[in-house]
1. Name the shape class, rounded, prolate or oblate, that the alpha-carbon gyration tensor gives for segment 222-377, where a ≥ b ≥ c are the square roots of its eigenvalues, rounded holds for a/c under 1.5, and otherwise prolate holds if a/b is larger than b/c and oblate otherwise.
2. What net charge do the residues around Lys269 carry, taking every other residue with its C-beta under 13 Å from that of Lys269, with Lys and Arg at +1 and Asp and Glu at -1?
3. Taking the Cβ of Lys425 as the center, what net charge do the other residues with Cβ under 15 Å away carry, scoring Lys and Arg +1 and Asp and Glu -1?
4. Using the alpha-carbon centroid of each, what span in Å lies between segment 191-217 and segment 237-316?
5. Looking at Thr174, Gly5, His238, which one has the Cα that reaches farthest to the positive end of the dipole of the chain (charges on Cβ: Lys, Arg +1; Asp, Glu -1)?
6. Roughly how far apart, in whole Å, are the Cα centres of segment 441-457 and segment 384-438?
7. For the modelled label position 7 Å from the Cα of Asn259 along Cα-to-Cβ, which residues of segment 310-329 have backbone nitrogen atoms closer than 18 Å?
8. Can you give me the angle between helix 168-178 and the longest principal axis of the chain, using Cα atoms only, in degrees from 0 to 90, rounded to the nearest 10?
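What follows is calculated from the coordinates using simple rules that are stated; it is not laboratory data. Owing to the predicted nature of the structure, the values given are computational and were not obtained by experimental measurement. Note that each Cβ is placed from the backbone with ideal geometry, even for glycine, and that neighbours are counted across all protein chains shown.
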Amino acid sequence: MLKIGVGPSSSHTLGPWRVAMRFMDIIALEEDISELTNIKIDLYGSLSLTGKGHATDIAVVMGLCGNDPKTFPVEQIQGDIDSIQKMKKIPLNALQFIDFDWDKDIVFQKKFLPFHPNGITITGIFKTKKRVETFFSIGGGFVVQKERKRAKKKYEIFQTYPYPIENGADLLKTCAEQNKRINEIVFENELSTHSEDEVNSGIQKIWEVMLDSMYVGCHTEGTLPGGLEVSRRAFGMHAKLIGDRKYTNQDEWITSIRNTTVAFREILKWVSCYALAVNEVNASLGRIVTAPTNGSAGVIPAVLMYYLTIENHKGDFDHIKEFLLVASEIGSIFKKGATISAAMGGCQAEIGVSSAMAAGALTSLLGGSPEQILMASEIAMEHHLGLTCDPIQGLVQIPCIERNAMGAIKAINAAELALDGDASKAKVSLDKVVQTMWETAQDMSSRYKETSEGGLAVNVGLSDC
């Protein structure tokens with residue numbers, strides 16, 4: 001559920017990037033790549049309608065070049081793209097160059113393919129044949145083919161988990177039967193496919209990227225790319241909050257924040273600053289962690305940072321680990337029972353899910369029971385139901401960036417409500433709100449599902465910005 005990648009969108013940037021990498025893997029295994037002469041890319045549905053603003057075309061080309069979105073230096077992206085466009089050649093997996101005309105070989109098709117709104121077809125043209133593969137970017141950086149060729153294998157792996165969890169009821173039942181907390185259940189499941197060192201190092205790396213995106217966002221000024229001329233706000237907000245405190249690295253930065261005033265208004269500002277910082281980095285093709293998507297990447301790190309800098313100054317890796325394990329399990333329940341794709345469910349599937357993930361995780365760190373954890377997640381989602389996805393000019397900027405701040409604040413509020421409530425008397429279960437979210441998504445007009453054909457996207461023009 002938590003993937004390291006490049007902004008601005010998990011479904012429109014990271015997903016297509018991974019699609020292209022998978023296509024090249026298929027070609028390398030099943031074809032003679034030396035016979036490949038040309039590649040054509042067709043983007044469908046939401047990938048076409050908002051692809052330019054989400055850098056979908058750039059992402060696909062970077063994937064064809066064999067660059068890993070987890071590690072490729074983001075500052076090199078534009079230079080590499082400029083070179084490809086100028087030479088009209090693309091270095092496949094950095095091994096061989098073939099002809100590639102950006103304007104002709106990438107086609108933004110307006111129609112939607114069956115199965116999912118985010119469709120992409122890549123055609124490899126060889127000297128004597130063609131190889132056509134169609135993929136779907138289903139949100140959160142996850143990609144599938146309609147045939148779901150790997151679904152059986154994934155299900156078999158799922159069944160090997162000591163505690164296979166499908167929904168909230170399964171999770172609560174397992175916690176009760178095993179007398180374990182949610183994070184312990186999730187950790188044992190992770191150990192069925194990875195070593196303890198691998199799990200811990202993976203979590204540490206995820207946190208390092210989250211922290212770096214907050215730090216970079218708080219220390220970068222100027223305007224965001226894309227044409228809306230949106231000013232970076234985290235820099236100015238952070239400067240006012242931090243005052244004249246001195247620091248030279250991230251650890252000293254956190255210490256200096258812990259020494260700041262913690263009045264209610266300042267807490268709100270700090271949480272908002274953290275969330276804005278991450279999503280300003282995301283909007284600039286920076287490196288972030290999908291949580292569960294790029295567009296909602298700021299909520300979880302903002303709430304975790306709130307815990308570390310406001311609630312518990314002695315918070316350490318064990319607390320970070322617990323938070324991220326619980327958050328990932330909540331997100332997984334939403335993915336299994338509904339969707340985490342804005343193209344399928346609107347922004348409730350992104351900010352709503354991330355707020356629910358953060359609310360449950362914070363409740364866990366604050367000592368809540370498994371029942372209270374799910375109650376907090378339900379409360380957070382309940383108050384995001386019906387939230388549309390209507391990005392202006394197809395950019396993950398307005399209203400996306402501010403929504404992360406709002407989602408983070410709602411998550412903290414939901415955690416407090418759950419901790420002060422009696423979970424045994426809750427009228428709405430997490431599973432019921434997941435079901436309701438999915439039904440709402442199905443009823444929602446496609447104009448409000450990441451197409452930029454409704455809402456703010458059509459009522460606010462460039463002249464207004």
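1. Oblate, since a/c reaches 1.5 and b/c is not below a/b.
2. Charge balance in the 13 Å sphere: +2.
3. -2
4. A separation of 17 Å, based on Cα centres.
5. Gly5
6. Rounded to whole Å, the Cα centres lie 18 Å apart.
7. 310-315
8. 60 degrees
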